[in-house]
Amino acid sequence: MNPEASHPPPRDACDRPSKAGRLLLRIGPSLGAAVVLAGIELSGIAQRLDLAFYDLITNMRPAPSARDLPITIIGIGEDDIRRHGWPLDDGLLCRALDRLSEAGASAIGFDIYRDQGVGPDQACLRQRFARNPRLVSVFNVANGIPAIPGTPPARRGYNDLPLDPDGTLRRDLVHVTAQDEATVALPLRLVEVAQGNQQLRDRIEAGRLDAAWLQADSGGYHREADAGLGLQQMLIFREPGSFHTASLSLLLAGGVPPSAINGRIVILGSTAPSLKDLFMVPMSHFRGGAVPLTLPGAEVHALRVAALMDLQRGERWTGWLMPGWGNLLLTLLAAGGGLALGERIGSLRRSVFVTAGMAALLGGSLAVLLLQHIWIGTSMPLLALLMLAAAAWLRRGAASQLHSRQIQRLLGQATSPAVAQLLWDKRDQLLREGIFEGRQLPATVLFTDLANFSTVSQHLTPAELTAWINRCLSVCIPAVIQHDGMVNKFTGDGMMAVFGVPVGKDPASDARGAVQASLAIRQGLDELNARQSREGQPGYRLRIGIHSGEVLAGSVGSSERLEYGVMGDTVNCGSRLESLEKHRHQGVTRILISSVTRNLLDDELVSGLDWLAWGSRQVKGRDEPLEIFELQEGQRTGSSSGQS
């Protein structure tokens, strides 16, 4: 058998992607993740996620009580409507306003639209708003609803509220600069009337208040243009229902103590659900109950007044909002971190666990900050971290599949799990542009050939002959694999196996593996021949040649056809050993081993086997003779004439 003259059947060339393909494989997943992230941001999904996160943390944050604030709500509830009807008579409302004024209210906000009078005494309401310096009438800019006729501009306040796209009230329109005297928000107007000056408005317009004013991209908002209109801040919520509240009927009956009115800002408005002056707030979400929590408009305006008082006194920190550029920078940093975690950590399982831990740490940190009213965009950094890490995992998976196909097609041989793992671990070092670069490596080669092939082939059909050969190979191949070898090629009725390429442990281990594989083949053939004999089938006689030395190993061929070639004098010598003096063949399996291989074996193995020295032989294609030993049947039990 001449390995130089034997050629395996052609195999498909290995996958070697073009430069554009390699570039796409490298940046494609990350680019795709970036496009998805941009889509999430532009579609508004990111803002919805951030607002949901804001609501969740707001529900978790303890809400302070409003009981001690100098604000009172006179609510028009369902009982008041049943008792007095709707719309309420102007005369009835005049009586209520008179009681509040007499009790010493510092400012009275009238949160009822009454541009058209109701009842026979319509003039009384207009007269009181024209003359009473404590009364503030609401109007609505968006719907074009005016204040009560006759109300001076300095005692008008608009009650427009900035709702988010999901209909939830989270922010407060504190003030809009450069407007006429009448265009002032209701809470600010009430504070001005109560204090008898415009100092708070002047400080707001001069920028002398430490307030966290919203912009279109502040906090968790994403290009929300309405959030950038005027001076807006996130509304600080109090415990729902904690404001001092009394019904209109109780007020008219004299049941409200003067202490609940005197020196306090009073807001008179509807609280009845049937009047539909109700607003969804962050506490409306993530809470149980058949009906979501809603706050009446009067309580919402009370919250706004309380927030202004906090802002003016500076006693409560109103928070901080990450500007849009900061959110973008954090997102980019998170994306880079995700990419690094996905690419740099060798173990995919460990990479997943570390990335999940970092995502939890990032999300937890942002939640803790939000509990302290520091709002930083959360969805985009978290998604960037996770999606770029996932893109890296996808790229690694695609590269691994490509490398796996390349290794399988380049080698095309059976390898042991240990060799396969070594190949996989060192794939980046071994593969260059989809091929194995040529390398000079120490190796041990093992050749087999069926001695009785020609004789048996005369008595079997082609199908039977093929099956007969495959039964022999079914013994040889597992023996090679189990001892960390690799079947390099099949040569008709034989094969060539190598130990130590493309990767190996050390020359001594590779030589030991080859010898042990040959012994396993011998034992396996003895057992197979016994079965063949029982079944009346022809048996096997096999020659094995083993030699060690340097080989040239690498991908050989062109882009159309490539194979993993193992070449050199070592390969030639191994083949010559197998076919040497074919007539000297006793028993089933003849194993010839060169002294080079034998000298690599440890003393324990050598002394435990029965060796027959053949002496020096000149083999074809080699100038120097080879010292040859036959590994005989059975283990050594004492001196042997063949022992050297």
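Read the figures in this text as sums done on the coordinates, not as results from a lab. The structure presented is a predicted model; accordingly, all values stated were derived computationally and were not measured. So basically every Cβ, Gly included, is an ideal-geometry build from the backbone, and we count neighbours across all protein chains shown.
Summary table below
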| read-out | value |
| --- | --- |
| FRET efficiency, ALA613 to SER474 (Cβ-Cβ, R0 45 Å, nearest 0.05) | 0.85 |
| Computed log₁₀ I(q)/I(0) - Debye formula, equal Cα scatterers, no solvent, the range 129-245, q 0.16, 0.24 Å⁻¹ | -0.86, -1.44 |
| Whole-angstrom gap from the range 316-346 to the range 267-305, using each part's C-alpha centre | 35 Å |
| Phi-based couplings in Hz for the range 367-375 (Karplus 6.51, -1.76, 1.60; Gly and Pro marked x) | 5, 4, 5, 5, 4, 9, 6, 9, 9 |
| Isotropically averaged projected area of the range 74-146, using the convex hull of Cα atoms (one quarter of hull area), nm² | 5.3 nm² |
| Rounded to 5, the percent of DSSP beta bridges in the chain classed as antiparallel | 60 percent |
| With Cα atoms, 0 to 90° folded angle of helix 45-60 axis to the chain main axis | 70 degrees |
| Calculated from backbone phi, Karplus (6.51, -1.76, 1.60) coupling profile of the range 202-214 in Hz, x at Gly/Pro | 4, 5, 5, 5, 7, x, 9, 10, 7, 10, 8, 6, 6 |
| Length gained when the stretch ASP160-ASP79 is fully extended (0.36 nm per residue, less Cα-Cα span) | 26.5 nm |
| Peptides 335-341, 206-212 ordered by average Cβ neighbours within 10 Å, highest first | 335-341, 206-212 |
| Spatial separation of Cα centroids for the range 517-555 and the range 433-504, in angstrom | 9 Å |
| Separation in nanometres of the label points that stand 7 Å from Cα toward Cβ, at GLN372 and GLU239 | 2.5 nm |
| Gyration tensor (Cα) of the chain, equivalent ellipsoid semi-axes in angstrom | 96, 22, 20 |
| Estimated FRET transfer efficiency when R0 is 56 angstrom, pair PHE286-LYS582 (beta carbons, to 0.05) | 0.05 |
| LEU332-ILE27 pseudo-label distance in nm [points 7 Å out on the Cα-to-Cβ vector] | 1.6 nm |
| Burial order of peptide ranges 479-489, 259-269, 33-43 (average beta-carbon count within 10 Å, highest first) | 479-489, 259-269, 33-43 |
| Antiparallel bridges, percent of DSSP beta bridges restricted to the range 52-321 (to nearest 5) | 30 percent |
| Helix 90-102 vs. the chain, principal-axis angle (Cα, 0 to 90°, nearest 10) | 90 degrees |
| Convex hull per residue volume in Å³, alpha carbons only, for the range 52-321 | 128 Å³ |
| Contour minus Cα-Cα distance for ASN143 and ASN452 (0.36 nm per residue) | 100.9 nm |
| Dimensionless Rg over Rh [the range 483-595; C-alpha; Kirkwood] | 1.01 |
| Expected 222 nm ellipticity per residue - DSSP helices of 4 or more, -39500 (n - 2.57), all of the chain, to 500 | -14000 deg cm²/dmol |
| Using alpha-carbon coordinates, inclination of helix 462-482 to the longest axis of the chain, degrees | 70 degrees |
| In order through the range 608-616: 3J(HN,Hα) via Karplus (6.51 cos²θ - 1.76 cosθ + 1.60), integer Hz, x for Gly, Pro | x, 10, 9, 10, 10, 7, 8, x, 7 |
| Three-way shape call for the range 500-548 based on the alpha-carbon gyration tensor, with the a/c threshold at 1.5 | prolate |
| FRET efficiency, 1/(1 + (r/R0)^6) with R0 41 Å, evaluated for ARG531 and GLU604 via beta carbons | 0.80 |
| Modelled label reach - THR177, point 7 Å along Cα→Cβ, the range 226-243 residues with backbone N closer than 16 Å | 228-233 |
